[in-house]
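The values are calculated or read from the model by the stated rules, or taken from the named source; none is laboratory data. Keep in mind the model is a prediction, meaning the values are calculated, not measured. So basically every Cβ, Gly included, is an ideal-geometry build from the backbone, and we count neighbours across all protein chains shown.
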Amino acid sequence: MKQDPIIHVENLDIGYDRKVIMRNLSFDIPKGDIFIIMGGSGCGKSTLLRTLTGLIPAQSGRIFIQGVEMSAASLDEKLEIMKHSGILYQSGALFSSMTLAENVALPLQQYTPYSQDKIDQIVSFKLALVGLAGYEDYYPSEISGGMCKRAGLARALALDPEIVYFDEPSAGLDPVSSKNLDDLILEINKTLGTTIIVVTHELPSIFAIAKHSIFLDKSVQTISAEGNPKDLLKNPPNNQVYEFLTRGASHEKRAK
Amino acid sequence: MVEFKIKGNSVSILLSGVLDGTKCIDAPVQVLHHKKISLTGKDIVSWNTDFVVELFTLLKRVPKENITYSGLPEGMERLLELAFQNPYKDQKNAQEKSSFLECIGNWGICFWRSVEKGCAFIHQCLSSWGRQLTGVAVYRKKDFWMVLADCGPKAILIVSLISFMVGLILAFVGALQLKTFGAQVYVASLVTIGMTRIMGAIMTGIIMAGRTGASYAATIGTMQVNEELDALQTMGISRTDFLVLPRMNALLLSMPILILLSDIMGILGGCFVCVLFWDIPLVEYIKYTLNSFDLTNFLVGVFHGVVFGFVIAVCGCYFGVHCGRNADSVGTATTNAVVYAIVWMIIMTGLITLLCERIGI
């Protein structure tokens, strides 16, 4: 029997104020998947992510997360879903006045009844999971950008979420740090079974980690391709997807 | 259940049964640091991440090459491998506590450095202002009009309201005392002299420090966080000319006008109390106001305003330019800008009063 998707999106329109950026988006994200939302700059990838995480309201359509329809959910239901979701922002979004340990401990102090000792243990473990064992007392300004992102990931993982969203995780990282972060995403997905949703346009990352993907096409204002990126590269459904996945090579040229 | 077997340099940890992490591990941590650890699983019924967290806490300082796994559930082994991927970095050394004398010395050094930095900044501002007169220092006129609009017309309402209330309070309190001598009509003189000489300038200064000085510090501080100040510097554009000069000019221009407004509103506030509450005829109030109005007092008030404008602009821009590179620093810069501006305004008021006393005005 086919498992229910962890996220189900139905005829979703997204945008800001009254301006619609993408129309009629429908897709499913299976549990334990690594799902990539890809597309060119300014096509609405981050807007879709912000809509999925509830930061901005959908213009129309429905989003089901773990079977709960978000627009009809009560505040308690939404809070419960947020507790089971983690988000890693482009910059890491760590609180600069707090140490890494305090940053990671924040959701645990907010939502769990654990003692401070227990929280300290969990914080050390989560930092170790992202390769920052022993960095508890460092401030964000004292570590590199890549380390900030990993610390942000440790905070996103603090409550053992079932879904983790990544907004442009490779942005601003050197190729080695970017690859290390991709490896970490794969490890977390494999080890913890976490569903990973990534917004990116970095091709090496897309090919390294994606199981499924959707391609947002600015010209038609909707999803123009869906599937594994490697399969999409082999059989591109349209020129935009082929150009995107080959960094600008023309589909017609390939056909010749 | 967790069993420890220590044999020479190696420790065997046998895991079995239910491993739910409720303090089921109890071993002296120091014993394990330099040993070979063998983690063996046998008949494990169930486990959870709480247990893995406890196990990690116990073994976190053991190098990963000293740990071997056998018979553990796949998920648990992967989780431990991931957690031990990098060696544990020793915690930062806690800063050594300074003695009392060292604290005083450090404070003195910091104070002297900040005095030096402050003087250098004032020197930059004054030379930039001088360069402006010779046409060397340039800035975008659009920026000047924008900041002028912000610290001029947009401040009129708040300055009017506060000054009206101050005039009103001054008249009310003054009349209460003067009534005992039957001299409440002199309230008009009290309010006029008080507002024109000093109160109008001080109230306007405090409002503008909180409103405009804070805004300068926050705007320039955020530019520092976004590396916009670095961009200006690498383009060879003087940040004093480009950012400080238009703000300073705008305040130097708007402060005297706002002080004039403040004086008028304060006198109107006094009039309101006198006419409505103390039954002083309007004509009498106007007569005493005109009699006690002195151009010298008014000009001293306006001079205060020009000095305060300079102080507010310098404090706001100084703390913005010297802001750190995180959100916290912007808050600190804004607070410092307001506090220092108010403190320096009071100091300058004292100095101007002494100066006026010396020259007999």
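Touching a Gly at 6+ places or on another chain (Cβ under 8 Å) and either in contact (Cβ under 8 Å) with a residue 12 or more places away in the chain or in the same structural domain as B:ILE198 (by TED's automatic domain parsing) (or both): does that describe B:GLY305? Yes; evaluated as a whole, the condition is true for this residue. Does B:VAL53 fit the bill of being within 52 Å of the chain's Cα centre (by Cα) and at pLDDT 85 or above? Spelling it out, B:VAL53 is indeed within 52 Å of the chain's Cα centre (by Cα) and at pLDDT 85 or above.
The criterion of at least 3 residues that are buried (at least 24 other Cβ atoms within 10 Å of the Cβ) is met by the following helices (runs of 4 or more DSSP H) wholly inside segment B:188-255: B:200-208, B:214-225.
Filtering segment B:155-173 to residues that are without any contact (Cβ under 8 Å) to a residue 60 or more places away in the chain and either in contact with a Lys or Arg (Cβ under 9 Å, 6 or more places away or on another chain) or small (Gly, Ala, Ser) (or both) leaves only B:ILE158.
For segment B:139-146, does any single residue satisfy the condition of being assigned to a loop (DSSP other than H, G, I, E, B), away from every other protein chain (no Cβ under 14 Å) and buried (at least 18 other Cβ atoms within 10 Å of the Cβ)? Yes - at least one qualifying residue is present in segment B:139-146. Annotation note: of B:LEU133, B:LEU82, B:LEU170, the sole residue that is within 14 Å of another protein chain (Cβ to nearest Cβ), modelled with pLDDT under 95 and more than 19 Å from B:GLY316 (Cα to Cα) is B:LEU82. Of the strands (runs of 3 or more DSSP E) contained entirely in segment A:9-72, those carrying at least 2 residues that are surrounded by 20 or more Cβ atoms within 10 Å (Cβ to Cβ) and under 14 Å from the mean Cα position of the chain (by Cα) fall at A:34-39. Taking segment B:123-156 as the range and being more than 16 Å from B:ASN249 (Cβ to Cβ) and of a type in the set (A, V, I, L, M, F, W, C) as the test, only B:ILE156 passes.
Here the helices (runs of 4 or more DSSP H) wholly within segment A:96-172 that include at least 1 residues being touching a residue at least 60 places away in the same chain (Cβ under 8 Å) and within 27 Å of A:ILE65 (Cα to Cα) are A:145-156. Against the test of being more than 30 Å from A:THR99 (Cα to Cα) and either among the hydrophobic types (A, V, I, L, M, F, W, C) or touching a Gly at 6+ places or on another chain (Cβ under 6 Å) (or both), the options B:VAL311, B:VAL330 yield a single qualifying residue, B:VAL311.
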